[in-house]
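Enquirer: There's a structure below that I have some questions on.
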Amino acid sequence: MDAYKKEVWFTILMSLAFVLTGHIGFLFTMFPVEGFFFGFPVMYIVPILFGWFGVLILTVVSGKIGNRLDEIIEEEDQQNRKKQSGEGAM
């Protein structure tokens, strides 16, 4: 059951990370910044890059960690089934 709790917390934290990364543009609209990055105004290109590449990186990380958590849940489930079948045989 501990693995399920980890997965719930992981889902909550990754959801917050996705929301923050995807909406970082609001920070630049609240606090406009002068300057250029790759020839584009900073207040336009940085939110786009965070939105695209930030979410892409989070998706890859989330997939890898989520797969690992699924493996842990499978292992825990198999251990619980062995315990239950061993207890029922006695």
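Enquirer: Give the residue that is nearest to residue 56 (Cα to Cα), with candidates limited to residues of region 9-38 that are among the polar types (S, T, N, Q) and within 11 Å of the chain's Cα centre (by Cα).
Expert: Initially, region 9-38 is screened for residues among the polar types (S, T, N, Q), giving 11, 15, 21, 29.
Checking the rest, the ones that are also within 11 Å of the chain's Cα centre (by Cα) come to 11, 15, 21.
On the way: 11: 16, 15: 14, 21: 10 Å.
Step by step, filter region 9-38, then rank; the result is 21.
Enquirer: Among the residues of region 46-90, what is the count of those that are touching a Gly at 6+ places or on another chain (Cβ under 6 Å) and not small (Gly, Ala, Ser)?
Expert: Filtering region 46-90 for residues touching a Gly at 6+ places or on another chain (Cβ under 6 Å) gives 47, 51, 55.
Pick out the ones that are also not small (Gly, Ala, Ser) and you get 47, 55.
Number satisfying all stated conditions: 2.
Enquirer: Something else: Working carefully through the options 61, 55, find the one that is within 10 Å of residue 22 (Cα to Cα), among the hydrophobic types (A, V, I, L, M, F, W, C) and assigned to a helix (DSSP H, G or I). Don't jump to the end; show me each part of the working.
Expert: Values: 61 fails: within 10 Å of residue 22 (Cα to Cα).
Criteria check complete, one pass: 55.
Enquirer: Looking for whichever is loosely packed, with under 11 Cβ neighbours inside 10 Å and without any contact (Cβ under 8 Å) to a residue 60 or more places away in the chain here; the options are 36, 40, 18, 10. Which one fits? Talk me through it step by step, then tell me what you get.
Expert: Working: 40 fails: loosely packed, with under 11 Cβ neighbours inside 10 Å; 18 fails: loosely packed, with under 11 Cβ neighbours inside 10 Å; 10 fails: loosely packed, with under 11 Cβ neighbours inside 10 Å.
So the residue among 36, 40, 18, 10 that is loosely packed, with under 11 Cβ neighbours inside 10 Å and without any contact (Cβ under 8 Å) to a residue 60 or more places away in the chain is 36.
Enquirer: Go through region 6-62 and give me each residue that's more than 30 Å from residue 76 (Cβ to Cβ) and of a type in the set (D, E, K, R).
Expert: Hit for region 6-62 is 34, nothing else.
Enquirer: Does residue 48 satisfy the condition of being in a helix (DSSP H, G or I), under 22 Å from residue 3 (Cβ atoms) and in contact with a Phe, Trp or Tyr (Cβ under 9 Å, 6 or more places away or on another chain)? Break it down stepwise before answering.
Expert: Details: in a helix (DSSP H, G or I): yes; under 22 Å from residue 3 (Cβ atoms): no; in contact with a Phe, Trp or Tyr (Cβ under 9 Å, 6 or more places away or on another chain): yes.
Considered against the rule, which asks whether it is in a helix (DSSP H, G or I), under 22 Å from residue 3 (Cβ atoms) and in contact with a Phe, Trp or Tyr (Cβ under 9 Å, 6 or more places away or on another chain), residue 48 comes out as no.
Enquirer: Just checking, does region 60-72 include any residue being surrounded by 11 or more Cβ atoms within 10 Å (Cβ to Cβ), within 16 Å of the chain's Cα centre (by Cα) and of a type in the set (S, T, N, Q)?
Expert: So far as region 60-72 goes, yes, one or more of its residues are surrounded by 11 or more Cβ atoms within 10 Å (Cβ to Cβ), within 16 Å of the chain's Cα centre (by Cα) and of a type in the set (S, T, N, Q).
Taken together, the values in this text are just the output of simple stated rules run on the coordinates, not laboratory data. On a predicted model such as this, the values are computed, not experimentally measured, just so you know. Note that we place each Cβ from the backbone using ideal geometry, even for glycine, and neighbour counts take in every protein chain shown.
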